[in-house]
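Peer 1: Dumping the structure here so I can ask a few things about it.
The values are calculated or read from the model by the stated rules, or taken from the named source; none is laboratory data. What you see is a predicted model, and the numbers here were worked out from it, not measured in a lab. FYI the Cβ positions are ideal-geometry reconstructions off the backbone, even for glycines, and counts take in every protein chain you see. These accessible areas exclude ligands, DNA and RNA; they are computed on the full protein's heavy atoms, side chains included. Shrake-Rupley method; radii C 1.70, N 1.55, O 1.52, S 1.80 Å.
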Amino acid sequence: MKIELAGHYGYGRILKTSVPSVLMMLFMSVYGVVDGFFVSNYAGTTSFAALNMVWPALMVVGAIGLMFGTGGSALVAMIIGQNDRDRANRIFSMLTRTMLAVGTVIAVIMFIFIRSISSWLGATDGQMLDDCTTYGRILLCVMPLFMTQMEFQSFFMTAERPQLGTWITVISGVTNMVLDFLFIVVFKWGLTGAAIATAISQAIGGLFPLVYFGFIGNGRWNDTPLKCVGSGRDWRSIRQACANGLSEFVNNISYNVLIICYNLQLMKLIGQDGVAVYGIIQYLAFLFAAIFIGYNMAVSPIVSYNYGARNHTELKSLLRKSIVILVTVGCILTMIAELFAVPLSKVFVGHEPELCRLATRAIRLYMISFMIWGFNNFISAWFTSLNNGIVSAIASFTRTFVFEMGCVFVLPLLFGLDGVWISVDVADCLALIMAVYLLKKFKQRYKY
């Protein structure tokens, strides 16, 4: 299926266009969920807690690829809307090469210091520290390719081929599932097997776009508007792309730092069982968030294109329809979480009744936030699409670092363990007020 950025987007066309990106993000989320399922049920609670402890640090690095992808695709799509495809391809090529160089350097540094990083994250137990180190080092070996996969989640849409990103992510996800079963259940390699399976699947997801677009080989299959070309160094465009994607980078970093804070609080309140329960919540949250993030990835290049083409009528339409879609989907997802909290908990810790009880209550409290989470996340993506990365970053940073981080340290003093789980609900209510304010404040400037 080929999509076009130009033209009017009604509800049907928006949904049809967003499905490939949503499916792609869902399968991306499956990586961690499948690892968690097999590790929790076949390697034990300690290994499961270790996986959830080191994963946020790895995702902070992966967020660099997301920053280059979301910010770069917004810039490239805007330039395509201005009918300058040669410059768009030069910037596209330059951003990908720069991201690979940066990713390689950071991965090497983290590989050397991952044991110290794991200790700082709270892994003080001997086995947990060893598990964090092993899992982290294996995934760092393919980190530049994982960053490439994150980057091209957005560029596949700008290239008008979202289905290619979906298919490669499906293939990577299925590979991860099969290898998890083989390495953990059959070969009994435990957490090491989970790490190897994930690394192989991430390598597949990162290599495909490099080959397809011609960064490796000649890219002869590529018939999209985006192609690998000679690029030189345009530092201004790199800065602009990074500024555009700053909100997604800040959002991802703050989200993962927030996970670290949750883990530290839970270790203090109830120990590694709390980290395991929070891991279960995050797997469900990853799946729900993937739907919204996939939608944003699909719509953002369309917004950027129409902004570059000065089609203000279409901008208004996209904003209005997106709000309706995201709020409706958010309410449906929250209902699903409330109704199926018990079976969802049993998938991971059905063999431990007390953990299952804790997880059920935590899911029901935490997932209330998804009624408005999608809208709050979209407002950040909206300003990124308008090439205003600063406002977008402020929205992301305030929601996580100010509102939610403040709540996760204050509310447990008032409500105990439940205060941890409702922190996100309170934070999203505060973020909703800020999001509405930002929309009104910049309405005249962007004419939406």
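Peer 1: Condition (residue is surrounded by fewer than 22 Cβ atoms within 10 Å (Cβ to Cβ) and farther than 23 Å from residue 392 by Cβ) applied to segment 286-295: is it met by at least one residue?
Peer 2: Yes, because at least one residue in segment 286-295 is surrounded by fewer than 22 Cβ atoms within 10 Å (Cβ to Cβ) and farther than 23 Å from residue 392 by Cβ.
Peer 1: For residues that are in contact (Cβ under 8 Å) with a residue 60 or more places away in the chain and part of a helix (DSSP H, G or I), scanning just segment 158-167, find the one that is most open to solvent (accessible area, probe 1.4 Å).
Peer 2: Looking at the filtered set, the residue picked out is 163.
Peer 1: Which helices (runs of 4 or more DSSP H) does segment 341-448 wholly contain that include 2 or more residues that are within 23 Å of residue 304 (Cβ to Cβ)?
Peer 2: Those helices (runs of 4 or more DSSP H) span 370-385, 389-397, 423-441, 443-446.
Peer 1: I'd like the full set of residues that are in contact (Cβ under 8 Å) with a residue 24 or more places away in the chain and open to solvent by 10 Å² or more (accessible area, probe 1.4 Å), limited to segment 396-413.
Peer 2: Residues satisfying the conditions are 397, 398, 399, 401, 403, 405, 409, 412.
Peer 1: Restricting segment 104-127 to residues that are in contact with a Ser or Thr (Cβ under 8 Å, 6 or more places away or on another chain) and open to solvent by less than 20 Å² (accessible area, probe 1.4 Å), which is nearest to residue 264 (Cα to Cα)?
Peer 2: In this case the residue turns out to be 118.
Peer 1: Same structure again: Of the residues that sit in segment 298-328 and are among the hydrophobic types (A, V, I, L, M, F, W, C), part of a helix (DSSP H, G or I) and open to solvent by 10 Å² or more (accessible area, probe 1.4 Å), which one is nearest to residue 374 (Cα to Cα)?
Peer 2: 327
Peer 1: Any residue that is touching a residue at least 12 places away in the same chain (Cβ under 8 Å), farther than 30 Å from residue 443 by Cβ and of a type outside the set (Lys, Arg) - is there at least one of those in segment 297-312?
Peer 2: No, segment 297-312 contains no residue that is touching a residue at least 12 places away in the same chain (Cβ under 8 Å), farther than 30 Å from residue 443 by Cβ and of a type outside the set (Lys, Arg).
Peer 1: Which condition number does residue 48 fail, the rest of (1) within 27 Å of residue 396 (Cα to Cα); (2) of a type in the set (Phe, Trp, Tyr); (3) at pLDDT below 90; (4) open to solvent by less than 20 Å² (accessible area, probe 1.4 Å) being met?
Peer 2: The one condition residue 48 does not meet is (1).
Peer 1: Among the residues of segment 308-352, count how many are of a type in the set (Val, Ile, Thr) and either closer than 23 Å to residue 365 by Cα or touching a Ser or Thr at 6+ places or on another chain (Cβ under 8 Å) (or both).
Peer 2: Of the residues in that region, 9 qualify.
Peer 1: Let me ask something else about it. Between 152, 146, which is buried (at least 24 other Cβ atoms within 10 Å of the Cβ), touching a Pro at 6+ places or on another chain (Cβ under 7 Å) and aromatic (Phe, Trp, Tyr)?
Peer 2: 152
Peer 1: Given the criteria surrounded by 20 or more Cβ atoms within 10 Å (Cβ to Cβ), within 29 Å of residue 446 (Cβ to Cβ) and at pLDDT 95 or above, does residue 254 qualify?
Peer 2: For residue 254, the condition - surrounded by 20 or more Cβ atoms within 10 Å (Cβ to Cβ), within 29 Å of residue 446 (Cβ to Cβ) and at pLDDT 95 or above - is not met.
Peer 1: Does residue 109 meet the test of being in contact (Cβ under 8 Å) with a residue 40 or more places away in the chain and in a helix (DSSP H, G or I)?
Peer 2: No, not satisfied.
Peer 1: All but one of (1) modelled with pLDDT under 90; (2) under 20 Å from the mean Cα position of the chain (by Cα) hold for residue 355; which doesn't?
Peer 2: (2)
Peer 1: Name the residues in segment 211-266 that are assigned to a helix (DSSP H, G or I) and of a type in the set (Phe, Trp, Tyr), would you?
Peer 2: Within segment 211-266, 212, 235, 249, 255, 262 qualify.
Peer 1: Output the residues belonging to segment 228-246 that are crowded, with 17+ Cβ neighbours inside 10 Å and either within 22 Å of residue 300 (Cα to Cα) or at pLDDT 90 or above (or both).
Peer 2: Matches in segment 228-246: 228, 237, 238, 240, 241, 242, 243, 244, 245, 246.
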